[in-house]
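Here's the structure we're looking at; comments come further down.
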Amino acid sequence: MDSTGTFETAAVMAQHNTMVAISKHYEPDDWRAVDPEILKHTMASSGTSDADFEKLREVLKATQGLVEFICLDVANGYSEHFVEYVRKVRSEFPEHIIVAGNVVTGEMVEELLLSGADIVKVGIGPGSVCTTRKMTGVGYPQLSSVIECADAAHGLGGMIISDGGCTCPGDIAKAFGGGADFVMLGGMLAGHQESGGDLVEKEGGKMFKVFYGMSSATAMKKHTGKIAEYRASEGKTVEIPYRGPLEPTILEILGGLRSTCTYVGAAKLKELSKRTTFIRTKVQLNTVFGTS
């Protein structure tokens, strides 16, 4: 995402051994200017066009082997074209770790893994600025898809990333508990000093940052000049309160996850799925004094 896949975000995340899928709209020269230690904690993102493929090749050449992960990122991974693109990238970059998505069912996870992906990105519709479920009626409950897709991936020796739907550290813990090997965040990291998006001052001096989905009208107009006639926007643009530096948010997330592990007796994140039992409930929080 433009808003969170920035090198500034990566500089903070790298200090905590976490990774950032860098927006595909950065140029090779932008990558060359980044500290090598930060590059080791990034993924090079790509779409599926011929131009995207050439740019990916240039970016990986510019980074001189420091970027190990490739993220093949599309909203809809259910296409023969996408599967063929995964095979093409695997053939061209046999030594890299390939992330491919998004999908939400075990069968497609298996297809992508067998086509050359190492990690499959799971999630259609749960994101905070995603309107795919509203505009198309297509989607899958995120935790259910994580449980199903993790089972399929692990049976083939692959991994999954739970992408979207997290609103608090507890949601991240549940994704790991459901079997996710990685959890990808967007909205939880947006609105910070290191995030992309315009900083807007409102009446009374309150500061906000613009945050938008990559299938939104804002993103399409920014990168292609218009919304294509054959499709509709599947994302929204919002202004969220400015949150300052990212570091405190990352520390809060990591602190919550460490506490999760102590509650359930997990020595590492990898063990969470073996220490987790899910119980259906209508009320999760006591909100008598507010929801925060």
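Taken over the range 266-292, the criterion of being in contact (Cβ under 8 Å) with a residue 24 or more places away in the chain and of a type in the set (Val, Ile, Thr) is satisfied by Thr276 alone. The set of residues in the range 1-43 that are among the hydroxyl-bearing types (Ser, Thr, Tyr), closer than 22 Å to Ile253 by Cα and not in a helix (DSSP H, G or I) comprises Ser3, Thr4, Thr6, Thr18, Thr42.
Among the residues of the range 122-178, those identified as small (Gly, Ala, Ser), open to solvent by less than 40 Å² (accessible area, probe 1.4 Å) and over 30 Å from Ala217 (Cβ atoms) are Ala150, Ala152, Ala153, Gly158, Gly170, Ala173, Gly177, Gly178. Against the definition (open to solvent by less than 90 Å² (accessible area, probe 1.4 Å) and under 20 Å from the mean Cα position of the chain (by Cα)), how does Glu234 come out, yes or no? For Glu234, the condition - open to solvent by less than 90 Å² (accessible area, probe 1.4 Å) and under 20 Å from the mean Cα position of the chain (by Cα) - is met. Checking Lys24, Lys61, Lys40, Lys88 one by one, the residue that is open to solvent by 50 Å² or more (accessible area, probe 1.4 Å), in contact with a strand residue (DSSP E or B) (Cβ under 9 Å, 6 or more places away or on another chain) and of a type outside the set (S, T, N, Q) is Lys24 and no other. Number of residues in the range 208-231 that are under 21 Å from the mean Cα position of the chain (by Cα) and within 16 Å of Thr131 (Cβ to Cβ): the value is 10. Selection of the range 154-179 for residues being outside any loop (DSSP other than H, G, I, E, B) and of a type outside the set (A, V, I, L, M) yields His154, Gly155, Ser162, Asp163, Pro169, Gly170, Asp171, Lys174, Phe176, Gly177. For Thr218, indicate whether it is surrounded by fewer than 17 Cβ atoms within 10 Å (Cβ to Cβ) and polar (S, T, N, Q). When the stated conditions are applied, Thr218 does not pass them.
The values are calculated or read from the model by the stated rules, or taken from the named source; none is laboratory data. Everything numeric here is computed off the predicted structure, so don't read it as measured data. Neighbour counts are summed over all protein chains in view; Cβ atoms, including those assigned to glycine, are modelled from backbone coordinates with ideal geometry. When the accessible area is computed, the model is the full protein with side chains, heavy atoms only, and any ligands, DNA or RNA have been set aside. Shrake-Rupley method; radii C 1.70, N 1.55, O 1.52, S 1.80 Å.
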